1. Output the number of residues of segment A:2-25 satisfying the condition of being part of a loop (DSSP other than H, G, I, E, B) and either free of Cβ contacts under 8 Å to residues at least 40 places away in the same chain or closer than 20 Å to residue B:28 by Cα (or both).
2. Part of a helix (DSSP H, G or I) and either away from chain A (no Cβ under 14 Å) or exposed (fewer than 12 other Cβ atoms within 10 Å of the Cβ) (or both): does that describe residue B:6?
3. Listed residues B:83, B:28; which is out of contact with any helix residue (DSSP H, G or I) (no Cβ under 6 Å at 6 or more places or on another chain), within 29 Å of residue A:53 (Cα to Cα) and assigned to a helix (DSSP H, G or I)?
4. Hey, does segment B:31-44 have a residue that's away from every other protein chain (no Cβ under 14 Å) and buried (at least 19 other Cβ atoms within 10 Å of the Cβ)?
5. Can residue B:50 be described as without any contact (Cβ under 8 Å) to a residue 12 or more places away in the chain and either more than 10 Å from chain A (Cβ to nearest Cβ) or outside any loop (DSSP other than H, G, I, E, B) (or both)?
6. What number of residues within segment A:267-296 are without any contact (Cβ under 8 Å) to a residue 60 or more places away in the chain and assigned to a loop (DSSP other than H, G, I, E, B)?
7. When segment A:166-186 is examined, which residues are found to be assigned to a helix (DSSP H, G or I) and either within 14 Å of chain B (Cβ to nearest Cβ) or more than 22 Å from the chain's Cα centre (by Cα) (or both)?
8. Could you tell me whether any residue of segment A:151-159 is in contact (Cβ under 8 Å) with a residue 24 or more places away in the chain and within 14 Å of chain B (Cβ to nearest Cβ)?
């Protein structure tokens, strides 16, 4: 059967929603998949074969925490023998050095290790777990094994001022790439957003700092920075466009165009246990929903940028404007941009209060809050571990 | 970040080509893939830690004898610089 739809390039294999951490910025959906419904090794092996036949080049093993899968070595071998490049997106738990050696021997190409900060205290607050010392051990082991290493520091208001320390940690490691990735506001991050968004001033300073770092480290370490798109002028071309470059398989086998797609009402997702991957990619209702331009509203419909950013993110349009067909409200051309500005103004106020407290003693009877924002732990919504 | 002609470029850990049976030939890296056509495939195949940069240039100038050798050299150096920026190459002495 001929098709004018280009092949996907990457398969995001969400192997499980189980995870030893409880990060307040997790992009998993609020409703986590139960272990009993997870795909088997055989299911995944077939998915990898079908993905490679469809032209997929890379598999991203993610979750939850992919290392909680007892069959992780079989999964790596299956993906490699299908002809895929294997990325592991991991917290580094649970892991010991022999197991790391086995992952590499099984054919793992790329090990991406997450960090919640450079200091144990903030890491523990954000992840709700004592995981930081383990990550430092993993960094040492990685120096002794031949695998591509990326460190991914998740950035937000509570740790953005510690960038120099985080960079120093990266430079002391064997990582060839480091990503400073500002939280993107979906799932648990969306629920905790008002405690996570950086101020505009924090963001500007971080961009300056990392630009210099990129230049200094060029050819030695590839430094990448992802900013929160609430502060952008134009939206991100989310996932490279709906149903254009990537497909995500959830732990129970549902095929989604992206990790947040379940927030969009009225979408039905095909499952890899019921339908071949090629058919899902080319024909499923969920993948077809926002392909092309016929679904676009103004201003996207006639915008010069529509082939560049595809109107931004459908899930974000749903979350912020209650309409998945609307222009992504972070776009400066969106009629709903003022919603985003209001959120940023509230963040700026919090930032200003924190500054004020940091620089003066509160006196009896003053209107200033008694504790600065940076000293008070927010009321976090922590991600639980599904049964 | 200038390239030493006497160094031996080698694909960095986790940077590899897809299988010989897979078409199109592609250089796979963390979160990036580069399609390899004639000249770029010839360059990447020689990034084995055994060829010096100068040897790669000389061999490709012979392979593409119809092309202007100066352009072949600058194209190769440009491509190696791109791979270096992506951290896809280690330059060994």
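The values are calculated or read from the model by the stated rules, or taken from the named source; none is laboratory data. Small disclaimer: the values here were computed from a predicted structure and weren't measured. We place every Cβ from the backbone using ideal geometry, glycine too, and count neighbours over all the protein chains shown.
1. Taking segment A:2-25 as the starting set, the residues that turn out to be part of a loop (DSSP other than H, G, I, E, B) are A:2-9, A:15-25.
Filter once more, so that each one left must be either free of Cβ contacts under 8 Å to residues at least 40 places away in the same chain or closer than 20 Å to residue B:28 by Cα (or both): A:2, A:4, A:6-9.
Residues flagged as part of a loop (DSSP other than H, G, I, E, B) and either free of Cβ contacts under 8 Å to residues at least 40 places away in the same chain or closer than 20 Å to residue B:28 by Cα (or both) within segment A:2-25 amount to 6.
2. Values: part of a helix (DSSP H, G or I): no; either away from chain A (no Cβ under 14 Å) or exposed (fewer than 12 other Cβ atoms within 10 Å of the Cβ) (or both): yes.
No, not satisfied.
3. Details: B:28 fails: assigned to a helix (DSSP H, G or I).
Just one listed residue meets the conditions, B:83.
4. Taking segment B:31-44 and keeping what is away from every other protein chain (no Cβ under 14 Å), we get B:37-44.
Among the residues that remain, those that are also buried (at least 19 other Cβ atoms within 10 Å of the Cβ) are: B:43-44.
Scanning segment B:31-44, I find at least one residue that is away from every other protein chain (no Cβ under 14 Å) and buried (at least 19 other Cβ atoms within 10 Å of the Cβ), so the answer is yes.
5. On the way: without any contact (Cβ under 8 Å) to a residue 12 or more places away in the chain: no; either more than 10 Å from chain A (Cβ to nearest Cβ) or outside any loop (DSSP other than H, G, I, E, B) (or both): yes.
Against the criterion (without any contact (Cβ under 8 Å) to a residue 12 or more places away in the chain and either more than 10 Å from chain A (Cβ to nearest Cβ) or outside any loop (DSSP other than H, G, I, E, B) (or both)), residue B:50 does not qualify.
6. Step one: list which residues in segment A:267-296 are without any contact (Cβ under 8 Å) to a residue 60 or more places away in the chain, which gives A:267-271, A:274-275, A:279-280, A:283-290, A:292-296.
If we keep only those that are assigned to a loop (DSSP other than H, G, I, E, B) too, we end up with A:267-270, A:274-275, A:284, A:289-290, A:292-296.
Result for segment A:267-296: 14.
7. Applying the first criterion (assigned to a helix (DSSP H, G or I)) to segment A:166-186 yields A:166-171.
A:168, A:170, A:171, listed by residue number.
8. Yes, that holds for at least one residue.
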